Amino acid sequence: MKFELPKLLYDYNALEPSIDALTVEIHYDRHHRGYANKLNEALEKHPEFAEGKTIEAILSDVNSIPEDIRQAVINTGGGYANHNLYWAILSPNGGGLPKGELLAAITKTFGSFPEFKTELTKKANSVFGSGWAFLVVNKNKALEIVASANQNSPLSDGKTPILGIDVWEHAYYLNYQNKRPDYVTAIWNIINWDEVERLYNETV
């Protein structure tokens with residue numbers, strides 16, 4: 001089986017001014033597509049291994065990946081899965097507040113939505129080099145904020161990501177240059193809370 005690049009659900013310019021059209025185009029059509037292509041190339045060496053498996057299932061059990069392609073699959077599969085999530089939880093109609101059970105869980109875990117926002121923002125801005133900040137559901141079905149280096153996926157630590165902020169420079173540098181905090185602040189205006197809540201409900 002081959003892993004396909006999910007269709008982007010909005011135009012390249014739809015996330016402006018938070019993320020400019022050229023950044024979305026390059027990020028999606030070159031970086032994300034590149035991860036998908038390289039993942040498929042790696043898996044061609046062991047086609048039987050990936051047969052019938054989702055990328056989530058593969059990344060949740062990295063020790064089962066054939067050793068000669070393991071690191072390549074962790075890197076490219078992580079990039080593929082992380083970006084699948086990233087584009088899905090962004091929307092031109094996003095922003096505002098979560099609601100329902102997700103908001104209740106955020107309030108219970110972090111004290112309030114503003115406290116959660118501050119903590120996730122701080123985590124995203126404190127990632128050294130390239131990586132991600134995630135809101136995840138852990139093994140105890142509780143919310144947790146984690147960071148990962150490069151394209152490592154929380155799935156490999158038994159945690160399900162439901163919101164991810166990409167802080168690789170390719171995610172923001174054309175518009176924000178070295179001002180990562182400005183990009184992270186802008187992301188909050190386009191978070192698709194309906195999708196984050198759907199993923200939360202699906203996980204718990």
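If the requirement is being buried (at least 16 other Cβ atoms within 10 Å of the Cβ), of a type in the set (Lys, Arg) and outside the structural domain of Val137 (by TED's automatic domain parsing), which of these qualifies: Lys2, Lys38, Lys7?
Lys38
Can you list the strands (runs of 3 or more DSSP E) lying wholly within the stretch 80-188 that have 3 or more residues being crowded, with 22+ Cβ neighbours inside 10 Å and at negative phi?
Once the strands (runs of 3 or more DSSP E) in the stretch 80-188 are filtered for at least 3 residues that are crowded, with 22+ Cβ neighbours inside 10 Å and at negative phi, what remains is 131-137, 160-166.
Does at least one position in the stretch 44-57 carry a residue that is at pLDDT 95 or above, in a helix (DSSP H, G or I) and crowded, with 19+ Cβ neighbours inside 10 Å?
yes
Failed condition for Glu197, given (1) of a type outside the set (S, T, N, Q); (2) assigned to a helix (DSSP H, G or I); (3) under 14 Å from the mean Cα position of the chain (by Cα), with all others met?
(3)
The values are calculated or read from the model by the stated rules, or taken from the named source; none is laboratory data. Quick caveat: nothing in here was measured; it's all calculated off a predicted structure. Backbone-built Cβ (ideal geometry, glycine too); neighbour counts: all protein chains shown.
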